[in-house]
1. For the stretch B:36-50, does any single residue satisfy the condition of being away from chain A (no Cβ under 14 Å), of a type outside the set (Ser, Thr, Tyr) and on the phi > 0 side of the Ramachandran plot?
2. Mind counting the residues in the stretch B:80-109 that are under 23 Å from B:Gly53 (Cβ atoms) and touching a helix residue (DSSP H, G or I) at 6+ places or on another chain (Cβ under 7 Å)?
3. Residue by residue through the stretch A:23-34, note down the ones that are open to solvent by less than 20 Å² (accessible area, probe 1.4 Å) and either within 8 Å of chain B (Cβ to nearest Cβ) or more than 12 Å from the chain's Cα centre (by Cα) (or both).
4. Being over 11 Å from the mean Cα position of the chain (by Cα), more than 19 Å from B:Ala107 (Cα to Cα) and at pLDDT below 95 narrows it down to one residue among B:Gly85, B:Gly21; which is it?
5. Does A:Val81 count as under 17 Å from A:Leu123 (Cβ atoms), buried (at least 23 other Cβ atoms within 10 Å of the Cβ), in contact with a helix residue (DSSP H, G or I) (Cβ under 8 Å, 6 or more places away or on another chain) and more than 11 Å from every other protein chain (Cβ to nearest Cβ)?
6. Just to check your reading of the model, which residue among B:Gly122, B:Gly95, B:Gly118, B:Gly73 is under 27 Å from A:Val42 (Cα atoms) and part of a helix (DSSP H, G or I)?
7. Among (1) open to solvent by less than 60 Å² (accessible area, probe 1.4 Å); (2) more than 13 Å from chain B (Cβ to nearest Cβ); (3) not charged (D, E, K, R), which single condition is A:Gly60 missing?
8. Take the stretch B:98-115 and flag every residue that is within 12 Å of chain A (Cβ to nearest Cβ) and either under 23 Å from A:Glu39 (Cβ atoms) or part of a helix (DSSP H, G or I) (or both).
Amino acid sequence: MEDNILTPDLDLLLPGDAGSVSEARNAVRLLAREVGASEDDVSLAVSEAVANAVLHAFRGRTAGTVRVQAAPRNGMLLVSVGDDGGGMAHNSQSRGLGVGISLISRLANEVSFRSTGSGTTVLMTFETFGQPA
Amino acid sequence: MTAGERGFPPSSFRVELSETGSERTRVHLLEAVGEVDLSCADELAESLSQFDGATDAGVVLDLQGVPFMDSSGLAVVMGAAERIGPRFAVVIAEGGAVDRLFELTEARSTLPTFIDVGEAIGSVGAPAAEA
């Protein structure tokens, strides 16, 4: 699976704050609708991925940015959510249920995580079912 | 788009509070409207926190007006259920995105979940000792 999406239909660079969760979700939801992917599943997965980045990537440092890219490829919708934070680390102070990654794994047909000291990228693929009526 | 710009308006979310039932079967009804995610989960938590440890009345959280919720919102609802206790119930729209979240996380097994407000009110309206 590719780590980045070349020539994405959607490319958002957002601040690493809570307001970016709905921003990213609504933008990707529109693309999911256009390509016939499950809007509910894509929206939830993107929301979880961006929320994870906002909550975990910038702890102990100035909030950076979250990049959301998406594109249809070969009958699938590819969505990438990346941040320029400090990489994946357990956060015992998290406000969530700790089910974000588990949810993403259940919602996407395929998912991969790449984490380095300069950020984390989640790449998800979703099945499309043709153009909606 | 560069960081800092907003292509979509932020989600608008609100909670409307009302009361129903008689003095002995009083129920606080909280109707949530709008999408729930990390940006407004605290607002929902604040609305629910006023009923922590409620013993004099039931509490029903109606999520039928919530077209989307992620695990940030679900964490708030589960926390409230734990703090409020047995006189708490949740109403969701059958087949909606919240229903999907509940299914994926098996939340229905721990949260008293209804698809009808009247049934939810009936389930929490009677004082525990007489239920």
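1. Within the stretch B:36-50 (the criterion being away from chain A (no Cβ under 14 Å), of a type outside the set (Ser, Thr, Tyr) and on the phi > 0 side of the Ramachandran plot), the answer is no, since none of the residues qualifies.
2. So the first thing to find is which residues in the stretch B:80-109 are under 23 Å from B:Gly53 (Cβ atoms), and the list is B:80-91, B:107.
Filter again for touching a helix residue (DSSP H, G or I) at 6+ places or on another chain (Cβ under 7 Å), leaving B:80, B:86-91, B:107.
So the answer is 8.
3. Within the stretch A:23-34, the subset open to solvent by less than 20 Å² (accessible area, probe 1.4 Å) is A:23-25, A:27-28, A:31-32.
Within the stretch A:23-34, A:Glu23, A:Arg25, A:Ala27, A:Leu31, A:Ala32 qualify.
4. Numbers: B:Gly85 fails: more than 19 Å from B:Ala107 (Cα to Cα).
On inspection, the qualifying residue turns out to be B:Gly21.
5. Working: under 17 Å from A:Leu123 (Cβ atoms): yes; buried (at least 23 other Cβ atoms within 10 Å of the Cβ): yes; in contact with a helix residue (DSSP H, G or I) (Cβ under 8 Å, 6 or more places away or on another chain): yes; more than 11 Å from every other protein chain (Cβ to nearest Cβ): yes.
Here the answer is yes, as A:Val81 does meet what is asked.
6. Numbers: B:Gly122 fails: under 27 Å from A:Val42 (Cα atoms); B:Gly95 fails: part of a helix (DSSP H, G or I); B:Gly118 fails: under 27 Å from A:Val42 (Cα atoms).
Of B:Gly122, B:Gly95, B:Gly118, B:Gly73, the one residue that is under 27 Å from A:Val42 (Cα atoms) and part of a helix (DSSP H, G or I) is B:Gly73.
7. Here A:Gly60 meets the rest and fails (1).
8. Across the stretch B:98-115, the qualifying residues are B:Val98, B:Asp99, B:Arg100, B:Leu101, B:Phe102, B:Glu103, B:Leu104, B:Thr105, B:Glu106, B:Ala107.
The values are calculated or read from the model by the stated rules, or taken from the named source; none is laboratory data. Computed from a prediction, not measured in an experiment: that's the story for all the values here. We place every Cβ from the backbone using ideal geometry, glycine too, and count neighbours over all the protein chains shown. Areas reflect the complete protein model, heavy atoms only, side chains present, ligands, DNA and RNA absent. Shrake-Rupley method; radii C 1.70, N 1.55, O 1.52, S 1.80 Å.
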